[in-house]
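Scroll down for the structure; my scribbles are underneath it.
The values are calculated or read from the model by the stated rules, or taken from the named source; none is laboratory data. From a predicted model like this one, the values you see are computed outputs, not experimental measurements. Heavy atoms of the whole protein, side chains included, go into the accessibility calculation; ligands, DNA and RNA do not. Shrake-Rupley method; radii C 1.70, N 1.55, O 1.52, S 1.80 Å.
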Amino acid sequence: MAARPKTSTTPADSDETKGNKANSASASPAADMKAAHHDDGTVMITEETRQFRAERMVKEHIVASLGLGLIPVPLVDIATGLASNVMLVKRLCTLYDQPFKAAIARTAVLSIMGVLGSVGAAVTVGFSLAKLIPGIGTAAGTVTLPIANGATAYVIGKMFIGHFEMGGTLFDFDPRSNVPQVRSAYEEGRELAAELLASRRKTSDDTAAASADAAASTA
């Protein structure tokens, strides 16, 4: 990674001071990132900071997946969700300095959905097609599908982070070797996606209410 220019200089720390700084740096991911700066101004990506950045990427894709699940056109929502998940794999490969190939990543993503079985690809397709049904079908599709999409993104992120942290590559990734972990991660992902979706909708409702109040006060 390119060196960053030094912005300030400080006297050399004593061994005790350095020890205190090291203990303080491990207190949070943000502190870990600061601790990755060398005295000469260069930056080192540590295992802690890299994993923190990877987890942040995953959360970004979960949020994006929630929005993609709201696309009203059946199957288009699935296609865009798949593309987003392949992009997540690509970003993680870049972060972990791993070679990337789109076709292999796509196969890996589909393999994870296959391992999930009835709670993965089947429910995704089912609720996507449910949008064709006026009323209750559309409502179910725009609630359940975003959560399913978000949970799938969570599984993909978690499995690849663990795989790369253990020294694996995209080319030897096989979710079928740990089916219970994949399915357990999906349940974790559903809970997180549901929380994020509820928070997103509350924010949207609050904004709409504030706008309505503002319009009423100026009427």
Accessible area of Tyr154, 1.4 Å probe, to the nearest 10 Å²?
50 Å²
Considering only protein heavy atoms, what is the solvent-accessible area of Met159 at a probe of 1.4 Å, reported in Å² to the nearest 10?
20 Å²
Quick one: order Leu145, Leu82 from most to least accessible surface, probe 1.4 Å.
Leu82, Leu145
